[in-house]
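Student: Could you have a look at this structure, given as structure tokens, before my questions?
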Amino acid sequence: MKLQQLRYICEVAKHELNVSATAQSLYTSQPGISKQIRLLEDELGVEVFARSGKHLTRVTQAGESILSIAEDILRKVETIKQVAQEFSDEKKGSLALATTHTQARYALPRVIREFIGEYPDVSLHMQQGTPVQISEMAADGTVDFAIATEALSHFGNLTMMPCYRWNRSIVVPKDHPLAKVTKLQLEDLAKYPIVTYVFGFTGRSKLDEAFSRAGLEAKVVFTAVDSDVIKAYVRLGLGVGIIASMAYEPEVDSDLVAVDASHLFESSTTKIGFRRGTFLRGYMYDFIQGFAPHLTPELVDKAVACRNRTELDHLFEHIELPVL
């Protein structure tokens, strides 16, 4: 049994049993992958993949168990490499992040600029997606860190730590009636069509909960995952925008008025999460603290040591989070 064979079966499974696509991603030949998978199956005495002719059709029951163990082995191999590299060159390596557009566009630029200045030999990779996709990427080891507001709590194998709280603002053109309201109420908002985030993105659930509790219906006419797109459609007169307050930039958005709505909606908490068992290199601790200064290496280690979600929540319950 070879590590290469385990890597091949895992990659084939990730590529939905498409051996050709797997070969392209690994820069090797399709026959070579097929041969190694057959050799592994012959050695094990069971099929990892069921076949129809030359085509793989599904993962067998035995294959499901074998793939799960193989993925754990490959992660441990990667951890061994990271441990070795930490001792050979603590300022060289890679860091992969998955996050939403709002975090990537408004919360992370300063942190990433400072991090690259401190660690120029660490290659940084960022992927964007839905909160569920982001959590899945962290849970399966595709990325080192997931940064999001929604969905992280659905994945039990992630260590999640709160970074900061944030709330919302209403954005409207300068001549809009809401621009002149002294203290905005939900009833005021309910009178107008609303342009906001897709459900499941950027704390959208808090908005829906607020309207529901008040017995009001939000007339959402347009949704997007991107704050800039929401503002663009507000400019077109499609409706009143509800965005994260951090997404309003006075200089860039000088044609719009931002009205504070923090008293209308419960604040949301952005968290950073990583897979349990992840080996955190020195620069990873520094990135976490650069993003959330209260998350010191000592506190992160305490979070890692928590045995369950209850212990983790208790660890952070008395910590005052910054507000963006």
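The values are calculated or read from the model by the stated rules, or taken from the named source; none is laboratory data. Nothing here was measured: the structure is a model prediction, and the numbers come from that model. Cβ coordinates were reconstructed from backbone atoms using ideal geometry, including for glycine residues, and neighbour counts include every protein chain displayed. Calculation scope for accessible area: heavy atoms of the full protein, side chains included, ligands and nucleic acids excluded. Shrake-Rupley method; radii C 1.70, N 1.55, O 1.52, S 1.80 Å.
Student: In square angstrom, rounded to the nearest 10, how much accessible surface does Glu47 have for a 1.4 Å probe?
Tutor: The accessible area of Glu47 comes to roughly 80 Å².
Student: Reachable aspartates and glutamates from Lys174, Cα under 17 Å, same-chain residues fewer than 8 places away excluded?
Tutor: Excluding near neighbours in sequence, the set is Asp188, Glu249, Glu251, Asp253, Asp255, Asp260.
Student: Rounded to the nearest 5, what % of DSSP beta bridges with both residues in the stretch 1-128 are antiparallel?
Tutor: Antiparallel bridges make up about 35 percent of those DSSP assigns within the stretch 1-128.
Student: With springs only between Cα atoms under 10 Å, which of Ser169, Ser212, Ser245 fluctuates most in a Gaussian network model of the chain?
Tutor: Ser212
Student: To the nearest 20 Debye, how big is the dipole of the chain about its Cα centre, given +1 on the beta carbon of each Lys and Arg and -1 on that of each Asp and Glu?
Tutor: 500 debye
Student: Find the relative contact order for the chain and round it to a whole percent, using C-alpha pairs within less than 8 Å whose residues are 6+ positions apart.
Tutor: After rounding, I find 20 percent.
Student: In nanometres, what is the gap between the two model label sites at Asn308 and Asp89, each 7 Å from Cα along Cα-to-Cβ?
Tutor: 4.4 nm
Student: Just name one of Gly32, Thr196, Ala303: the one whose Cα is farthest towards the positive end of the charge dipole of the chain (beta-carbon charges, Lys/Arg +1, Asp/Glu -1).
Tutor: Gly32
Student: Which percent, nearest 5, of DSSP beta bridges in the stretch 166-324 are antiparallel?
Tutor: Looking only at bridges with both residues in the stretch 166-324, the antiparallel portion is about 60 percent.
Student: Between Lys219 and residues 5 or more places away or on another chain, which pairs have amide H atoms under 5 Å apart, with H built 1.01 Å from N, and which residues are they?
Tutor: Sorted by chain and number, the residues that satisfy this are Ile194.
Student: Now for a different question. Got a sec? Charge dipole of the stretch 84-171, +1 on Cβ for Lys and Arg, -1 for Asp and Glu; which of Thr100, Ser135, Phe115 is way out at the positive end?
Tutor: Of Thr100, Ser135, Phe115, it is Thr100.
Student: Which trypsin sites (Lys or Arg not before Pro) in the stretch 270-324 pass both tests, a DSSP loop state and at most 15 other beta-carbon atoms within 10 Å? Kindly include the intermediate steps, with their values, before the conclusion.
Tutor: Details: sites: Lys271, Arg275, Arg276, Arg281, Lys302, Arg307, Arg309; in loops: Arg276, Arg281, Arg307.
Loop-located and lightly packed - Arg276, Arg307.
Student: Among Gly45, Leu124, Leu312, which residue has its Cα furthest toward the positive end of the charge dipole of the chain, with +1 on Lys/Arg Cβ and -1 on Asp/Glu Cβ?
Tutor: So the residue furthest toward the plus end is Gly45.
Student: Rank these by accessible area, largest first, 1.4 Å probe: Ser268, Ser123.
Tutor: Descending order: Ser123, Ser268.
Student: Just tell me which lysines come within less than 17 Å, Cα to Cα, of Lys92; anything on the same chain fewer than 8 places away is out.
Tutor: Lys81
Student: Continuing with the same structure: Please state the charge dipole magnitude for the stretch 53-143, taken about the Cα centre, from unit charges on C-beta atoms (+1 on K and R, -1 on D and E), reported in debye and rounded to the nearest 20.
Tutor: 300 debye
Student: Quick one: with all protein chains in place, what share of the accessible area of the stretch 200-324 is carbon or sulfur, to the nearest percent (1.4 Å probe)?
Tutor: That fraction is 53 percent.
Student: By DSSP, what percent of the beta bridges with both residues in the chain are antiparallel, rounded to the nearest 5?
Tutor: Taking every DSSP beta bridge with both residues in the chain, the antiparallel ones total about 60 percent.
Student: Then there is this: Take His125 and Leu216, extend 7 Å from each Cα along the Cα→Cβ direction, and tell me the distance between the two endpoints in nm.
Tutor: 4.5 nm
Student: OK, next. For an R0 of 22 angstrom, estimate the FRET efficiency from the Cβ-Cβ distance between Tyr27 and Ala96 and round to the nearest 0.05.
Tutor: Working from the Cβ atoms, E equals 0.65.
Student: Another question, if that's okay. Less than 13 Å apart at the alpha-carbon level, and either on another chain or at least 8 residues along: which aspartates and glutamates does that give for Lys302?
Tutor: Glu311, Asp313
Student: Between Leu74 and Glu320, what is 0.36 nm times their sequence separation minus the Cα-Cα distance? Round to one decimal in nm. Let's see the in-between values first.
Tutor: Values: separation 246, 0.36 × 246 = 88.56 nm, distance 3.84 nm.
Residue separation times 0.36 nm, minus the Cα-Cα distance, leaves 84.7 nm.
Student: Could you state the accessible area per residue of the chain in Å², with a 1.4 Å probe and every protein chain left in place?
Tutor: Ligands and nucleic acids excluded, the figure is 50 Å² per residue.
Student: For the chain, which DSSP H helices look membrane-span-like by this rule: Cα extent along the axis of 15 Å or more and mean Kyte-Doolittle of at least -0.5?
Tutor: Sorted by number, the helices that extend far enough and score high enough are 3-14, 61-88.
Student: Moving on. At 7 Å along Cα-to-Cβ for each site, give me the label-to-label distance between Ser262 and Leu3 in nm.
Tutor: The modelled label-to-label distance comes out at 5.0 nm.
Student: So, R0 is 35 Å and r is the distance between the beta-carbons of His55 and Val198; what FRET efficiency does that work out to, to 0.05?
Tutor: Computed FRET efficiency for His55 and Val198 comes out at 0.45.
Student: Using unit Cβ charges (K, R positive; D, E negative) and no other charged atoms, how large, in debye to the nearest 20, is the dipole of the stretch 182-225 about its Cα centre? Don't jump to the answer; show the numbers that get you there.
Tutor: Numbers: 6 positive and 5 negative charges, 16 e Å.
Here the stretch 182-225 has a charge dipole of around 80 debye.
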